[in-house]
1. Please go through region 251-285 and pick out each residue that is open to solvent by 80 Å² or more (accessible area, probe 1.4 Å) and within 24 Å of G211 (Cβ to Cβ).
2. Has region 8-25 got any residue that is at pLDDT 90 or above and assigned to a helix (DSSP H, G or I)?
3. Give me the pairs: first residue in region 111-137 and touching a residue at least 24 places away in the same chain (Cβ under 8 Å) and in a strand (DSSP E or B), second residue of a type outside the set (A, V, I, L, M) and crowded, with 17+ Cβ neighbours inside 10 Å, beta-carbon distance under 6 Å, and six or more apart or on different chains, which are they?
4. In region 131-147, how many are modelled with pLDDT under 85 and under 17 Å from L77 (Cβ atoms)?
5. For the structure I just gave you, tell me whether G128 is modelled with pLDDT of 85 or more, open to solvent by less than 60 Å² (accessible area, probe 1.4 Å) and touching a helix residue (DSSP H, G or I) at 6+ places or on another chain (Cβ under 6 Å).
6. Could you tell me whether region 107-115 includes any residue that is over 21 Å from A162 (Cα atoms), charged (D, E, K, R) and modelled with pLDDT of 85 or more?
7. Being under 25 Å from L306 (Cα atoms), in contact with a helix residue (DSSP H, G or I) (Cβ under 7 Å, 6 or more places away or on another chain) and small (G, A, S) narrows it down to one residue among A275, A270, A201; which is it?
Amino acid sequence: MGATPARETTAGSPTVRPGRLRRRLTIAFVLVAGISAGGLAGGSYLLLHQARYDASLHAAAADARYRLVLAGQFLPLTEQRRTELLTSFEGSDRHVVLIAENTWPSDPAYAPHLTERLRSTVAAGQLGYQRSSGPTRLLVVGGRIPGSTAELYVITDENDLAAGLEQLRNALAAGWVLVVLLAATVGHTLARRTLEPVGRASRAARAITEGLLATRLPVAGRDEFSGWAASFNEMAEALEAKITALHHAQERERRFTADVAHELRTPVTALVGAASLLRDHLDQLPTDARRAGELLVIDVVRLRHLVEDLMEISRLDAGREAVHMTDVDAPDLVRRIVAARGWPDRVTVDGDALRLRTDPRRLERVLGNLIANAVQHGGGEVRVRTARAGDRVQIDVDDRGPGIPAEHLPRLFDRFHKVDPARSGGGSGLGLAIALENARLLGGRLTVHSTPGTGTRFRLDLPDIAPAGVPSAERTGPGRASAGLPPNVGGSELTGGTG
């Protein structure tokens, strides 16, 4: 069989996650504020860091030049003169190390490790410096004493400078965190207030979808959201007016159909009685009048079935049909339908022996119409299978007929729709529509799959328990008996929309 989807296929609604746009706006606000504040704080720290260290280097270099000039006055550097020179430097916040020709530094215990690059720069007669980045941060600026080969190094302790910059860095980081938190709070508040009209519009649209057509949005101010709310209200008013008009028109059509069927019931009943009497005396009619009598009897029977179907479809539209739930043996019910309508030689019943809780009269109505449709239009052997699929019960009606063209499948369950209008038969064109409405009452789905030239499969998918909203005993409402119809309307002559 083909896999053409049936008209009853439904699609699930997309999952809506409330607050996603609000979160996105808040995150965007935080990112902009965080990146801006972080860039500003980081750039300021780097500039200040460089400026402070440059200032420290310039001060240390100026002090080193002064000391080198001062040291030149103590030449030649004898032992006594070196002592006097170093004594003159005492009391300063910088430490001085003197390295004379091939002698140890004046203070070996305090002198830092001097790099080869610094020693080479000083040996070339230039002023050089180096910084150590360890637990103790030292700035060493050195040069050669004018007029001698002795080297003088001025050592500056930069621990206080590093500690001050670290405190500044911590303060800027704390400020950045506060800015981010403040931005998150402000962004969340602004996003919530900005999107509040969107939330109201969403709730209003959902309310209209649920049938609350009087729902309107408040219009306050002259901003874009107010204009949107006014347009939404205009749309809702127009929609309410159109739906109300359509509802009234539908009610008029339903009343007209029910009134016509009701008014036709009495004369049709009289016609059926007269046709029955005529059928009993057909043999007494002349040969030329006998054929006309036979056609009259057939058309009266068709008219009776059409009136009965119209009465039932009008009650289904009005929601007046009762549903009586009980335990049903599905295969046994199918066999009884086949036997009662004289189809044992044309319909094969197989499948699992299973029971389900449903309305047996409505299930018989659905299956009787499907099987009658397959027998009359399917051709060949008709097979009915029952099976359980999880918590569902599936009943398939298969035939090996010519199949249904794909362009007719979307309208197959429409009322009075026929695949080939030129074909005549006992069908009213309402059989499949009635089967569909009864399947819905039972909480089931009716689908069709057909391949031209191969055959057609109708599948009735039912829950094995009472559908939601239907009590286990029955759903109250005017029944068939109250409408004055026979209890077993829908015999072998009734077909569906393929007729």
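1. Across region 251-285, the qualifying residues are R252, E253, R255.
2. no
3. From residues that are touching a residue at least 24 places away in the same chain (Cβ under 8 Å) and in a strand (DSSP E or B), the pairs are R137/E158.
4. Total satisfying the criteria: 1.
5. Taking the combined requirement at face value, the residue satisfies it.
6. no
7. Only one candidate passes the filter, namely A275.
The rows are residues; the columns are (1) open to solvent by 10 Å² or more (accessible area, probe 1.4 Å); (2) closer than 19 Å to G431 by Cβ; (3) assigned to a helix (DSSP H, G or I).
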site: L316; (1), (2), (3): yes, yes, yes
site: P331; (1), (2), (3): no, no, yes
site: G342; (1), (2), (3): yes, yes, no
site: D345; (1), (2), (3): yes, no, no
site: D350; (1), (2), (3): yes, no, no
site: A353; (1), (2), (3): yes, no, no
site: L363; (1), (2), (3): no, yes, yes
site: L367; (1), (2), (3): no, yes, yes
site: A372; (1), (2), (3): no, yes, yes
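The values are calculated or read from the model by the stated rules, or taken from the named source; none is laboratory data. In this text, all values refer to a predicted model and were calculated from it rather than measured experimentally. Heads up, the Cβs are rebuilt from the backbone with ideal geometry, glycines too, and the neighbour counts pull from every protein chain shown. Heads up: the accessible areas ignore ligands, DNA and RNA and are worked out on the full protein's heavy atoms, side chains in. Shrake-Rupley method; radii C 1.70, N 1.55, O 1.52, S 1.80 Å.
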